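Everything below concerns the one structure shown next.
The values are calculated or read from the model by the stated rules, or taken from the named source; none is laboratory data. Here the structure is a predicted model, which means the values were calculated and not measured. So basically every Cβ, Gly included, is an ideal-geometry build from the backbone, and we count neighbours across all protein chains shown.
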Amino acid sequence: MSENASETPQNLSEILFKPKFDYPETSFISNGGVKEPEPSFKNDKLGFQDDFYRPILAYDWTINGGNPLDIYEALSRICVARGERNRENCLDTIREYGNGHWNYEFNTIAQKRINKAHENEEAGDVHAASHNYRLASRYFAIAAYPFLKGDVLALQSDALCRKAYKIMHEIDPHNGIIQEHSFNVAEKKVTGYLHLPNLEKVYPCVIIICPYESNITAFYYFIEKELKALNIAAFVIEMPGAGGCEKLNLRDNYSDAVEETVKYLGNLNCIDATNIGIYGYGMSAAVAIRVAILSGNKVKALALTSPLVHSFFTDRKILHVLPLCLRSSLCNRLDLSADCFEDLMPQFKVLSLKEQGLLSGRNCKVNTFVTLTDSDFVSANDVSLLQSNFEHLTINRQPKDTPLAVFHKDAMTQIARYFGEIFYGQG
């Protein structure tokens, strides 16, 4: 028997028994594998980039704690990979789990940071270990992006992200305290994460509602560098159908989880129930607005960035701008498929705060601070609706040409100071 023939059984064995990942590739989830639409225009604010299925939010991932060298290393490997792609014109749609696969590449750089963290711990350097656990949590989060229900590999990465994020806090006291809290909403378990400077005082608290393009790790710097410095606690919770609220579905009363969060925090000894604020971005800002209107007597202050109020859910011109990934993300939470997105557009009206009858001149007295740019999906009508419904409203409009990185960073600082002024009379 030749040498090559003798190797054949071993090679066959490796092929037959090597573990395989037979999971749906992200770009085919909640859209039936339909061809990507051509947006009416390519909106940079959405992270639109040619040759990618996912919006690329590198500026956001960096500001929120990622190392740009790590991130662009992973993106580069994705770009040069030669594996078969589900969408030939989308670099981030490699079919097989391995080189060039989005989840694989970002998991890989995350695992490198986990390994470094273990080395730091063995050397007794908890600060460096915490730093590497933090980076790992960010990269696991990017691996899970855009956090779709039914994306098995993403769910696994998200679990690793949360584990690294909690370890980061536990091993280094400089990061403050993190507590995982669970309670029921409509008989379904939801989970959020309370961040405290320490356990020595009673703190005002800002509820941070993660938009669908983020998860709990995305607000580390806002919490650590801004809110904690002002002695303000933070409770991070996700939208229906995502993360700790994955068992909930997006529907017209999509603020249930945050309304229950307000009640829950009021029963914690470490939280000042008279000083509760809410922060929301994009669609999560719509949740914050609902809670302020429906439970205004329990909410002291509201901060909103680029709030989606009415136009986004009802204006076909805006909906036509959305790339397939964002269409799929929205439909995913509604248990729909974006392959017939045009036909689904009328169903989105139920998410509009105006269509729900909540913006009808109720004169909500909750202190409200809004930050937006001229490139947001916030129409003049949306602004008018806010002005006619919120008695104490401040709008900070940034110029259209403001770099997104600058806009987000400055907005976080301004919002933290705003909460500090409301809670303590200081900013």
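A few comments on the model shown:
- Filter result for Lys225 (over 17 Å from Val185 (Cβ atoms), basic (Lys, Arg), surrounded by fewer than 24 Cβ atoms within 10 Å (Cβ to Cβ) and modelled with pLDDT under 95): yes
- Of all residues in the range 47-61, those that are on the phi > 0 side of the Ramachandran plot have Cβ atoms under 8 Å from Cβ atoms of residues that are of a type in the set (Val, Ile, Thr), 6 or more apart or on another chain, in Gly47/Ile56.
- Selection within the range 147-159 - part of a loop (DSSP other than H, G, I, E, B) and buried (at least 22 other Cβ atoms within 10 Å of the Cβ): Phe147, Leu148, Asp151
- Candidates Ser384, Ser337, filtered to the one that is surrounded by fewer than 21 Cβ atoms within 10 Å (Cβ to Cβ) and in the same structural domain as Val287 (by TED's automatic domain parsing): Ser384
- Among the residues of the range 127-146, those that are crowded, with 21+ Cβ neighbours inside 10 Å and either more than 30 Å from Ser328 (Cα to Cα) or modelled with pLDDT under 95 (or both) comprise Ala129, Ser130, Asn132, Tyr133.
- Contacts under 7 angstrom Cβ, first residue in the range 101-122 being assigned by TED's automatic domain parsing to the domain that holds Ala154, partner of a type in the set (Asp, Glu) and outside any loop (DSSP other than H, G, I, E, B), 6 or more apart: Ile109/Asp70; Ile109/Glu73
- Here Asn297 meets the list (1) within 30 Å of Ala273 (Cβ to Cβ); (2) in contact (Cβ under 8 Å) with a residue 24 or more places away in the chain almost entirely, failing just condition (2).
- Taking the criterion of being among the small types (Gly, Ala, Ser) and part of a helix (DSSP H, G or I), the residues of the range 215-237 that qualify are Ala218, Ala229.
- Residue ID - surrounded by the fewest Cβ atoms within 10 Å (Cβ to Cβ), chosen from residues in the range 296-312 that are more than 20 Å from Thr261 (Cα to Cα) and of a type in the set (S, T, N, Q): Ser311
- Within the range 259-286, the set of residues being within 22 Å of the chain's Cα centre (by Cα) and within 20 Å of His392 (Cβ to Cβ) comprises Val262, Ile276, Gly277, Ile278, Tyr279, Gly280, Ala285, Ala286.
- When the range 238-293 is filtered for residues that are surrounded by 21 or more Cβ atoms within 10 Å (Cβ to Cβ) and in a loop (DSSP other than H, G, I, E, B), the ones remaining, listed by number, are Met239, Pro240, Gly241, Ala242, Leu248, Leu250, Tyr254, Ser255, Gly282.
- Total residues in the range 224-237, condition touching a residue at least 40 places away in the same chain (Cβ under 8 Å) and within 17 Å of Arg138 (Cα to Cα): 3
- Flag for Phe348 being within 26 Å of Val370 (Cβ to Cβ) and buried (at least 23 other Cβ atoms within 10 Å of the Cβ): no
- Among the criteria (1) over 29 Å from Ala58 (Cβ atoms); (2) outside the structural domain of Leu57 (by TED's automatic domain parsing); (3) among the small types (Gly, Ala, Ser), the one Gly192 does not fulfil is (1).
- Filtered residue count, the range 294-317, keeping only those that are farther than 12 Å from Gly280 by Cα, among the aliphatic types (A, V, I, L, M) and outside any loop (DSSP other than H, G, I, E, B): 1
- The residues of the range 335-356 that are touching a residue at least 24 places away in the same chain (Cβ under 8 Å) and within 30 Å of Ser388 (Cα to Cα), listed by number, are Met345, Phe348, Lys349, Val350, Leu351, Ser352, Leu353, Lys354, Glu355, Gln356.
Results for (1) touching a Gly at 6+ places or on another chain (Cβ under 8 Å); (2) more than 30 Å from Phe222 (Cα to Cα); (3) buried (at least 19 other Cβ atoms within 10 Å of the Cβ), shown as yes or no for each residue.
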| position | (1), (2), (3) |
| --- | --- |
| Asn67 | no, no, no |
| Asp70 | no, no, yes |
| Ser76 | no, no, no |
| Arg82 | yes, yes, no |
| Asp92 | no, no, yes |
| Arg95 | yes, yes, no |
| His101 | yes, yes, yes |
